[in-house]
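Remarks on the structure that follows.
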Amino acid sequence: MPETLLKVSDLHGWYGESHILHGMNFEVRKGELVTLLGRNGAGKTTTLKAIMGLLRQRKGSVAFDGTETISMAPHKIARLGVALCPEERGIFSALTVRENLHLPPVLREGGMTEAEIDTLFPRLKERWGNSGAKLSGGEQQMLAIARILRTGATLVLLDEPTEGLAPVIVQQIRDALLELKRRGLTVLLVEQNFRFASTVADRHYVVEHGQVVDHMTSDEIAANTERLEAFLGV
Amino acid sequence: MMELIGIPPQALFGQLMLGLINGSFYAMLSLGLAVIFGLLNVINFAHGAQYMLGAFVAWMLLNWLGIPYWGALVIAPILVAATGLVIERVFLRRLHDLDHLYGLLLTFGLALIFEGVMRSQFGAAGMPYGNPLPGGVNLGFMYLPWYRGWIIVASLAICLATWFVIERTKLGAYLRAATERPEIVQSFGIDVPRMITLTYAFGVGLAALAGVLAAPAYQVSPNMGSNLIIVVFAVVVIGGMGSIMGAIVTGFGLGVIEGLTKVFYPEASNTVIFVIMALVLMVRPAGLFGAAK
């Protein structure tokens, strides 16, 4: 069994007075694609922010490749090889598509070249000189994923990459995720759509009220559809 | 001598040049304000006082240490920028998550402290600073003092270099991106808190550099910044908060308009910029070059 890349233990997180994460426990092994499934407000996005260091009030343990990161600033966590693709994509309207793509510095070897990104997302190259604000939702998502693939990150945190996208674009995002997996990247994916998640991920953690309440593999999803629908409110 | 639109060319071009010189200071100061506001969301009311400190440090370097103007042009901005580093680290960082008003009040208080200290130490009358470039050239239609020409050329070069760095380099792309979403830029591995500190220090250094340039042209006095800063805020509002090219173009443009108003309707010269500000606010509240948020 591959060794653990990310181990989250008893992770608590707060927004001001609101206690959002109530002791999250899970782990992701090298090369795995793991999802956090849960309904809106369950604490999935907050968990990703806490792992990335963007949630200021957090305690517990987040160990990345054996290094404890719970007290680290986000830029230091990023330099260890963790990258976040946020829910709202984080594309900068003041920059062109190309500037957006090249904005994150290459932090380590193993990142994709521009040519490889062109092959994965051919639509982006057609928009090279456009402002990031002029892209469609799907193109913004492709750019957000492409942007972090250049950096050589080893753990990619993806927050609802398919939200609000047309089925044909969801298919492209799915292909891109499978390509990441094929390249050996480790991915922690936040999703509400468990049917989509089951087509790309190895394992799933079900999150409710800021805690992991269940764990299953993709093969077990079919047998648990009703239970998942109840959890996710779909 | 022939007159242009009923005005002697010496008077017209003379005022035009004074307008360009005032515009140089407006542009440099509003550029610093725009850069600071863009990244820190702080309306730096201490900017005028930091411009004044630049002039005073140049005066001290000359009179206490014998360091001439050209040395002061480098040393004074660095020293005043270092105070900016401390201000950002000690005070402004604590206000990042609060409303603009807190930063404005804090920097307004700092401006009063800086001016009060200088007034108590040096008096309010002002002190002369020798002209490092005496003489000039007769262009036929006007006499151009070398130092006035230097102010315009130097400030243009500084403004354009700043614009180039912000709009055309990777460092500038980080700055522009961090202006929109600092947490995303930090998650790319960029030390955004340090970038914020250095940006504030850079803006402060730019104000101090303008102060050193101003020292030989005006009296070095504790009030020199507060006299200018209100106009500079009007310039920033007209150009659009956070717009780099807007700050530069509006600074020079309004200096020229103010100068020409002195020729054609002197009574309005002190108010013309504020009238333009009111008109712009009515028609384009985000400013001529600003994007509505």
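Structure notes:
- Ordering of A:103-111, B:27-35, A:192-200 by packing is B:27-35, A:192-200, A:103-111, highest average first (other Cβ atoms within 10 Å, averaged per residue).
- Phi to ³J(HN,Hα) by Karplus 6.51 cos²θ - 1.76 cosθ + 1.60 over region A:171-183, Hz, x for Gly, Pro: 4, 5, 5, 4, 4, 5, 5, 5, 5, 4, 5, 4, 7
- Long-range amide H partners of B:Ile43 with built H, under 5 Å: B:Leu104
- Where only alpha carbons of region B:174-223 are counted, the Rg and the Dmax (Å): 16.1, 48
- For chain B, the spherically averaged projection of the C-alpha convex hull amounts to 16.5 nm².
- Three principal axis extents of the protein assembly as shown based on alpha-carbon atoms, in descending order, are 97, 47, 41 Å.
- Listed cross-link partners A:Lys7/A:Lys49; A:Lys125/B:Lys170; A:Lys76/A:Lys134; A:Lys59/A:Lys181; A:Lys7/B:Lys170; A:Lys44/A:Lys76 are compared with a 26 Å cut-off, the Cα-Cα value being larger for A:Lys76/A:Lys134; A:Lys59/A:Lys181; A:Lys7/B:Lys170.
- Take every Cα pair under 8 Å whose residues are at least 6 apart in sequence, average their separation, divide by the length of region A:4-232, and the relative contact order is 29 percent.
- Proxy reagent accessibility, fewest Cβ within 10 Å first, across B:Trp146, B:Trp163, B:Trp64, B:Trp59: B:Trp64, B:Trp146, B:Trp163, B:Trp59
- Residues with amide H under 5 Å from that of B:Phe141, placed H, sequence gap 5 or more: none
- Rg [Å, one decimal], Dmax [Å, integer] - region A:4-232, C-alpha atoms: 16.9, 48
- Computed 3J(HN,Hα) for region A:58-71, one whole-Hz value per residue from the Karplus formula 6.51 cos²θ - 1.76 cosθ + 1.60 where θ = phi - 60°, is 8, 8, x, 9, 10, 9, 10, 6, x, 9, 6, 10, 4, 9, glycine and proline marked x.
- Amide N of region B:173-207 lying under 16 Å from the label point, which is placed 7 angstrom from the Cα of B:Ala161 along Cα→Cβ: B:202-207
- Taking N as its residue count, the alpha carbon Rg of region A:1-122 over 2.2 N^0.38 Å: 1.17
- Mean-square fluctuations from a GNM of chain B, with a 10 angstrom spring cutoff on Cα atoms, peak among B:Glu267, B:Glu88, B:Glu258 at B:Glu267.
- Cβ neighbours within 10 Å from other chains - mean over A:103-114: 2
- Whole-number percent relative contact order across region B:184-293, with pairs defined as alpha carbons under 8 Å at least 6 apart: 26
- Size-normalised alpha-carbon gyration radius of region B:86-212, reference 2.2 N^0.38 Å: 1.43
- The long axis of helix B:100-122 is offset from the longest Cα principal axis of chain B by roughly 50 degrees.
- A:Leu37, A:Leu101, B:Leu133 arranged by Cβ crowding within 10 Å, fewest neighbours leading: B:Leu133, A:Leu101, A:Leu37
- Reducing region A:207-223 and region A:137-151 to their Cα centroids gives an inter-centroid distance of 27 Å.
- Computed over chain B: relative contact order in percent, which uses C-alpha pairs under 8 Å that are six or more apart: 38
- Other-chain or far-sequence residues with amide H under 5 Å of A:Gly23's (modelled H): A:Leu11, A:His12, A:Gly13
- Within 10 Å of each Cβ in B:172-179, the average number of Cβ atoms from other chains: 4
- GNM flexibility winner over chain A from A:Arg203, A:Arg183, A:Arg89 (Cα, springs under 10 Å): A:Arg183
- Average partner coverage of A:82-90, which counts Cβ from other chains inside 10 Å: 3
- Each residue of region B:153-159 was assigned a 3J(HN,Hα) from its phi angle through the Karplus curve 6.51 cos²θ - 1.76 cosθ + 1.60 (θ = phi - 60°); the sequence is 5, 5, 5, 4, 4, 5, 5 Hz, with glycine and proline shown as x.
- Region B:196-269 versus region A:1-74: alpha-carbon centroid distance in Å: 48
- Computed from Cα atoms, the angle from the helix B:9-40 axis to the main principal axis of chain B rounds to 0 degrees.
- Report summary: the helix-based calculation at 222 nm, which adds -39500 (n - 2.57) for every DSSP H run with n ≥ 4 and divides by the residues of the protein assembly as shown, gives -17500 deg cm²/dmol.
- Reducing region B:147-180 and region B:33-110 to their Cα centroids gives an inter-centroid distance of 18 Å.
Taken together, the values in this text are just the output of simple stated rules run on the coordinates, not laboratory data. The structure displayed is predicted, hence computed values, not measured ones. No Cβ is skipped: glycine too gets one built from the backbone with ideal geometry, and neighbour counts run over all protein chains shown.
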